[in-house]
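A short reminder: the numbers here are calculations on the coordinates, not readings from a lab. Predicted model only: the values in this text are computed from it and were never measured. Using ideal geometry, Cβ is built from the backbone for each residue, glycine included, and neighbour counts are taken over all protein chains shown.
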Amino acid sequence: MAMGCGMTTNVRPLDAVVLIEDALRACAAGDKLALKRIYEAESARMLGVAQRLLKRRALAEEAVQDAFVLIWRHAARFDPQRGSGPTWIYAILRNRSLSILRDERRTETREEPVTEEVAREDDDPETVLSELSRAKALRACLETLPPQRRGIVLLAFVQGLTHGEIAGKLNVPIGSVKTWIRRSLMTLKTCLG
């Protein structure tokens, strides 16, 4: 909508707000198609917002996916008395983006590399595994993991790739990457005792 003095505003038409709020209520009742309606109406805009916050498309895609999972899980918590539907979903996206940003900063604080030689991005996971000269117990435990899961753990923790970057590199869903990493870490924790 245009305003005086050549200014524009991003005010949504009331019917778009109503569509999102109706879809949120339907999500709370278990209607998966309602989540799809929100996705179709807002995912492109949400990706743009997340990308402005995170500066990397892979991380932005991860934030949007996580936001939709949270929207689905917590749709019953939406209260139109506290704000509009779009405000609620963008607050979820913003909070998830900021959490990802904090996680990324936390992993960037490490000064010394895990291996004696710095792993190059074009190294395959098996080469990186063979270059791990310390932590024989860790190496032994890593070798008990299935090759694909071991490779994903090495991509994440040795080469420093994000879940989104790993998913893109291996052409698998990001949710699968997260699950494999979590299960692999549990296995390693048990192995290392």
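Computed extension gain for M186 through K55, at 0.36 nm per residue and net of the alpha carbon distance, reaches 44.1 nm. Taking label positions 7 Å along the Cα-Cβ direction at both A137 and S43, the computed distance is 4.5 nm, reported to one decimal. If R0 is 35 Å, the Cβ-Cβ spacing of R102 and L14 corresponds to a FRET efficiency of close to 0.50.
Sorted by packing (mean other beta-carbon atoms within 10 Å per residue), highest first, where do 165-175, 65-75 land?
Peptide ranking by packing, descending: 65-75, 165-175.
The simple spin-label model puts a point 7 Å past each Cα toward its Cβ; for A29 and K169 those points are separated by 4.5 nm.
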